[in-house]
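What follows is a single structure, written as structure tokens, with notes after it.
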Amino acid sequence: MPAATAVKAVTVSDDPQEYEDEHVHSVYDEIAPHFSSTRYKDYAISIATIHHLSTPARRKLAVQQLIESISPAHGRALVYVWAIEQDELSKRSIPTECSTNNPVTDSAKGKDVFVPWVLSSRSASEEKSKIPTSHDATAEANKVFNRYYHMFAQGELRQLVEEAARDLGLLIGSAGEGKGGDGDVPVRGLEIAQDGWERSNYFVEITLEHSTFELSLEDGNNTGTTNSAWHRFTASPP
């Protein structure tokens, strides 16, 4: 098994848009020019995308836009990001300590790093079809592109999704029964259907639904039962 490739710890610049243009998008144009945009409908998938955004605020905005792009009545979305905790098959080794020569930016518990991508001067198919010539001896060396990633820590992605949902005025859902109240209030809710770690990635699956929320006017608790008996929505304390 080949040795793991060490990634390079980085400090994100003050201009996140310019930083991502240089270290994410321009690099991707070189290593994967065939990339096509994703279309969102009632189901949205974000895989290996949000971890390229260089600030917590920009990552939260991306999650909010993902939530807003799916049906508020029955939309579902799945988010995958790279994790600090890499498995034994990973080709990457993540720095765990700060040093003068190897600084690590702690951004909302995760780590900001450069991951090296090696672009061969010729593809494998070109190598097989090309007739060897004397020019091969002086062929251009392979290029290495350092691409920015925010490596997520345990619990960070779920926290990000919940914060994004609350800022949109959504109530976070949880399974179970609710108690009765004195009045019905229509609300939009989001449920974390599942979240976890898988093959060096963290993931979160969410679902949306319109529901009637029973608000207790007596004690002001934002706890109640949806009219569909689907699940209970609970509002977090301020």
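The values are calculated or read from the model by the stated rules, or taken from the named source; none is laboratory data. Just so you know, these numbers come straight off a predicted model, no measurement behind them. FYI the Cβ positions are ideal-geometry reconstructions off the backbone, even for glycines, and counts take in every protein chain you see.
Taking Ala62 as the residue in question, decide whether it is part of a helix (DSSP H, G or I) and either modelled with pLDDT of 90 or more or among the polar types (S, T, N, Q) (or both). It is true that Ala62 is part of a helix (DSSP H, G or I) and either modelled with pLDDT of 90 or more or among the polar types (S, T, N, Q) (or both). Out of curiosity, is Tyr19 modelled with pLDDT under 80, surrounded by 11 or more Cβ atoms within 10 Å (Cβ to Cβ) and not in a loop (DSSP other than H, G, I, E, B)? So Tyr19 does not fit the description; no.
Number of residues in segment 40-60 that are free of Cβ contacts under 8 Å to residues at least 12 places away in the same chain and either in contact with a helix residue (DSSP H, G or I) (Cβ under 7 Å, 6 or more places away or on another chain) or surrounded by 14 or more Cβ atoms within 10 Å (Cβ to Cβ) (or both): the value is 0. In segment 122-180, what residues are part of a strand (DSSP E or B) and either among the polar types (S, T, N, Q) or at pLDDT below 65 (or both)? Correct list: Asn146, Ser174. Among the residues of segment 102-116, those that are modelled with pLDDT under 90, part of a strand (DSSP E or B) and surrounded by 13 or more Cβ atoms within 10 Å (Cβ to Cβ) comprise Thr105, Ser107.
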